[in-house]
Amino acid sequence: MRFTFTAQQQSFRAEVNGFLRDALPADWDGADNAIDDEGFEFGRQFLKKLAPKHWIAPAWPKQYGGLEMDLWDQVIFNECMGYARAPIINTAAVGYLGPTIILYGSDEQKQQHLPGITSGDVVWCQGYSEPNSGSDLASLQTRAVQDGDDFVINGQKIWTSQAHYADWMFVLARTDPAAPKHRGISYFLLDMKTPGITVRPLINMAGGESFNEVFFESVRVPRSGLLGELNRGWYIATTTLDFERSSIGGTSQALRSLEDLTRFAKTETQGDGRRLWEKASVRHAVADLWIDLEMAQLLSYRVVSMQARGLVPNYEASIVKVFNSEYVQRQARIGAGIMGLYGQLWPGSPWEKLRSRFAKSYVTSVGSAIAGGTSEIQRNIIAQRGLGLPRG
């Protein structure tokens with residue numbers, strides 16, 4: 001199957017690519033997964049360049065700062081951003097929280113929070129996982145107790161990406177401990193400058209701070225920070241997770257990395273003077289990656305095609321998620337192996353190749369099959385909802 005784009009869509013792709021050439025440095029090769037202070041500030045400035053074109057959240061309704069962009073234009077836009085390795089720092093707000101507020105927020109909450117996202121002024125983080133509540137998120141124990149017009153939150157969150165830079169957090173807390181675990185949770189919007197919040201970095205295997213643990217000690221949230229109904233937060237949270245899973249797994253960054261690896265294999269020589277590409281095992285491994293990447297893109301396009309026809313992807317989105325996240329790991333492993341000793345060098349080495357991207361990806365891609373729902377969870381969804389198999 002071949003997907004083709006109209007002349008208008010191709011023109012839009014050219015417009016976005018032209019913008020990126022002007023907005024990013026000429027030698028730009030992408031931001032690292034763990035953003036430092038300088039990188040985060042660069043990301044904020046990039047958002048400010050997107051804002052006048054309403055490109056921070058182009059799919060949102062115009063009244064909230066978007067363009068009501070259709071699905072295929074969104075695909076083109078995201079592919080261009082991904083291929084350019086653009087420094088997008090507010091994914092949680094644009095892709096997950098904003099659409100949730102549009103669906104469930106009061107008029108006051110929409111007016112308070114949505115403009116700050118589409119202007120690039122306010123960065124959000126996601127307060128879901130806890131040390132003992134990951135895949136079984138509904139078992140979370142962070143408590144919110146009503147006290148007059150406020151709720152008082154105590155507890156801990158973990159794996160909170162960009163919490164050390166975020167201005168606000170959307171957080172789940174248990175408000176009725178006597179209710180069944182899915183029914184006693186509420187969804188809050190929390191100013192990170194509120195007293196009682198402590199953010200502590202978690203250093204990942206790549207040596208960077210990309211996520212954190214967050215502690216709440218008698219943190220007061222006004223009732224205006226409650227999103228939706230009290231004790232009905234789980235059902236709102238699953239909507240946010242649906243938005244998250246549908247935006248995970250784009251193939252354009254993987255395409256850029258695979259182009260880099262193919263170029264390396266065709267030009268790099270071995271100790272005997274022969275090019276790596278002369279080895280059949282290298283050619284076959286790279287060919288397999290190209291075939292799998294084509295499959296990943298077609299699976300993603302299938303989901304978009306369903307959405308464009310008014311259908312709701314269910315197990316199809318899980319197929320995309322599990323295939324794409326595991327492809328990223330496979331590409332990193334094969335790429336590091338093809339690069340040999342260069343595939344073990346860390347950024348900053350005088351002998352590094354391809355900015356040590358495959359060495360870092362080999363380490364950081366471990367989490368790709370965990371974030372947004374583990375591969376095991378996705379396979380259960382595929383089995384039950386796609387194949388009609390019974391629960392185990």
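The values are calculated or read from the model by the stated rules, or taken from the named source; none is laboratory data. Here the structure is a predicted model, which is why all the values come from computation and not from measurement. No Cβ is skipped: glycine too gets one built from the backbone with ideal geometry, and neighbour counts run over all protein chains shown.
A few remarks follow.
- Only residues that are surrounded by 15 or more Cβ atoms within 10 Å (Cβ to Cβ) and of a type in the set (D, E, K, R) were counted across region 137-154, and they come to 2.
- Val94 being hydrophobic (A, V, I, L, M, F, W, C) and under 25 Å from Val328 (Cβ atoms): yes
- Those residues of region 328-368 which are among the hydroxyl-bearing types (Ser, Thr, Tyr) and part of a helix (DSSP H, G or I), in sequence order: Tyr342, Ser356, Ser361, Tyr362, Thr364, Ser365, Ser368
- Of all residues in region 67-83 being in contact with a Pro (Cβ under 8 Å, 6 or more places away or on another chain) and not in a helix (DSSP H, G or I), the one that is nearest to Gln297 (Cα to Cα): Met69
- Out of Tyr64, Tyr96, sole residue that is within 30 Å of Trp159 (Cβ to Cβ), free of Cβ contacts under 8 Å to residues at least 60 places away in the same chain and surrounded by 19 or more Cβ atoms within 10 Å (Cβ to Cβ): Tyr64
- Region 186-206, residues that are part of a strand (DSSP E or B) and modelled with pLDDT of 95 or more: Ser186, Tyr187, Phe188, Leu189, Leu190, Asp191, Ile197, Thr198, Val199, Arg200
- Tally of residues being small (Gly, Ala, Ser) and in contact with a Ser or Thr (Cβ under 8 Å, 6 or more places away or on another chain) across region 130-165: 6
- Close pairs (7 angstrom Cβ cut-off, 6 or more residues apart or separate chains): within 11 Å of His164 (Cβ to Cβ) in region 192-216, of a type in the set (Asp, Glu) and surrounded by 13 or more Cβ atoms within 10 Å (Cβ to Cβ) anywhere: Met192/Asp167; Arg200/Glu213; Pro201/Glu209; Leu202/Glu213
- Scan of region 1-31 for residues that are out of contact with any Lys or Arg (no Cβ under 9 Å at 6 or more places or on another chain), charged (D, E, K, R) and either touching a residue at least 60 places away in the same chain (Cβ under 8 Å) or at positive phi (or both), ordered by number: Arg13
- The residue that is surrounded by the fewest Cβ atoms within 10 Å (Cβ to Cβ), counting only those in region 101-136 that are farther than 25 Å from Pro52 by Cβ and charged (D, E, K, R), is Asp107.
- Filter result (in a helix (DSSP H, G or I), of a type in the set (S, T, N, Q) and touching a helix residue (DSSP H, G or I) at 6+ places or on another chain (Cβ under 7 Å)) within region 9-55: Gln9, Asn17
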